[in-house]
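Data block below; observations after.
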């Protein structure tokens, strides 16, 4: 799959080697994904772009936490086995951040680690392989719950 397949130009971010969709998001939710596997990234980008989301990628946990602290995304999706800061530690850092703790985190991994993801504060755990319907259903469910919490009195 190349950029023409999904109508999106992907560029390098200033922080680390992350990739970003263009800034013209039209108010659409930004999803930040910390994933090391380029093939998985391409599928995630394709599915999420088609569903109307703006997608940004981080190659490692440090780039991801830097991005979250810079400007909170609507959702963070992280693999567990990412360099520098693993996905579970990344999840804990986000959840314990006073200014960014509201950002929901989905842990997406080959590892059978649902209990550890829950203990780290993840809103959901998805086991690879990537299945479009399950992936999008989890994202929509987590974002709906996050919006309901934010809108509560």
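Just so you know, all these numbers are worked out from the coordinates, no wet-lab data involved. No experiment lies behind these values; they were computed from the predicted model shown. Glycine also receives a Cβ, built like all others from the backbone with ideal geometry; neighbour counts cover every protein chain displayed.
When each of 68, 105 is scored by the number of other beta-carbon atoms lying within 10 Å, the sequence from fewest to most is 68, 105. If each of residue 36 and residue 84 carries a label point 7 Å out from its Cα toward its Cβ, how far apart are those two points in nm? The modelled label-to-label distance comes out at 1.3 nm.
Put simply, when 86-97, 130-141 are sorted by average Cβ atoms within 10 angstrom per residue, most first, you get 86-97, 130-141. The slack between residue 118 and residue 69, meaning 0.36 nm per residue of separation minus the straight C-alpha distance, is 15.4 nm. Counted residue by residue at 0.36 nm each, then reduced by the alpha carbon distance between them, the extension gain from residue 102 to residue 144 reaches 13.8 nm.
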